[in-house]
């Protein structure tokens, strides 16, 4: 199999949809179909069950081929990437995952690291909402930028990058939308969202489970991404608290942003897996410590 045909097969095995596979690989659906049909003829068996027009499925042969090819393909891609970096004088990669939105506003850290350490390629990634610390433990990213406190025994908390005020996002049609601010107690009367596999103590800092008077602040919806979250706010199904910097990235006429008077600001800091600490991680943490946290009030 040619490399491109392997990529087509593995992507289709993941998406289980010809259209999404074509879009993801920037090829036509006909190209995807032809590649799969050719491999099925060569192997003498079907790789996908197409009996359901809405959702295809891997056959036992397809699952076996996927399991055999995935590590080979990943190893080949990793080898090519290492060669590409070596040709540019880059010896390794530092992957930074971010839960805040403000990648651009943190450019002072990114620029300084790239200037001081050209031997390490800096890659910035949005961190997942679901079980965010797993990305550190699984080696998907090397460092996370997340709100504090982080009280995980296997993780190291590094220097802070910024502190941000808290806002409540509500639909423009909500009766709260005309207010200039809200109290935390008000949130007990409303529906909120949560993400799966968040440590309770960590989620409680972001949005308490109880109001100051002890009333529950209930999570009625489970979300896995920011697009769904702000959509539910805009439709009025939920309200949600956010750090203030998101307003510079989400300019929406159907959403109002209200300061939460008695909810303390969030501090975001570097966090990494202690046993996986590298020279690049240490250098980045030292740089952030030297530069100090940003003052968002003057940005």
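List of remarks:
- The spacing between segment 24-59 and segment 220-299, judged by their C-alpha centroids, is 41 Å.
- On the basis of the beta-carbon distance and an R0 of 30 Å, residue 215 and residue 251 show a calculated FRET efficiency of 0.35.
- Just so you know, the Rg over Rh for segment 88-186 is 1.09, from Cα atoms, with Rh as the Kirkwood radius.
- Each residue of segment 166-264 gets 96 Å³ once the volume of the Cα convex hull is shared out per residue.
- Helical content alone sets the calculated 222 nm signal of the chain at -11000 deg cm²/dmol, taking -39,500 (n - 2.57) per DSSP H segment of four or more residues and averaging over every residue.
- Between helix 29-43 and the chain: long-axis angle, C-alpha atoms, 0 to 90°, nearest 10: 50
- Relative contact order computed over segment 166-264 (Cα-Cα under 8 Å; 6+ residues apart), in percent: 54
- Approximating the spin labels as points 7 Å out from Cα along Cα→Cβ, the residue 111-to-residue 67 distance works out to 5.1 nm.
- Alpha carbon convex hull of segment 3-87, volume per residue in cubic angstrom: 96
- Segment residue 37..residue 16, full-extension length gain: 6.1 nm, with 0.36 nm per residue of separation and the alpha-carbon distance subtracted.
- Helix 279-291 axis versus longest C-alpha principal axis of the chain: approximately 30°, rounded to the nearest ten.
- Ranking of 240, 117 by count of other Cβ atoms within 10 Å, fewest first: 117, 240
- The C-alpha atoms of the chain define a longest principal axis, and helix 3-15 lies at about 50 degrees to it.
- Cβ-to-Cβ counts within 10 Å put 109, 201 in ascending order as 201, 109, the fewest first.
- Computed over segment 1-154: relative contact order in percent, which uses C-alpha pairs under 8 Å that are six or more apart: 17
- Look at the alpha carbon pairs under 8 Å that are at least 6 residues apart: their mean separation over the length of the chain gives a relative contact order of 21 percent.
- Taking the Cα atoms of the chain, the ratio Rg/Rh between the radius of gyration and the Kirkwood radius comes to 1.04.
Rule-based calculations on the coordinates, nothing more; no lab input. Computed from a predicted structure; not experimentally measured. When we count neighbours, we look across all protein chains shown, and the Cβ atoms used for this are built from the backbone with ideal geometry, even at glycine.
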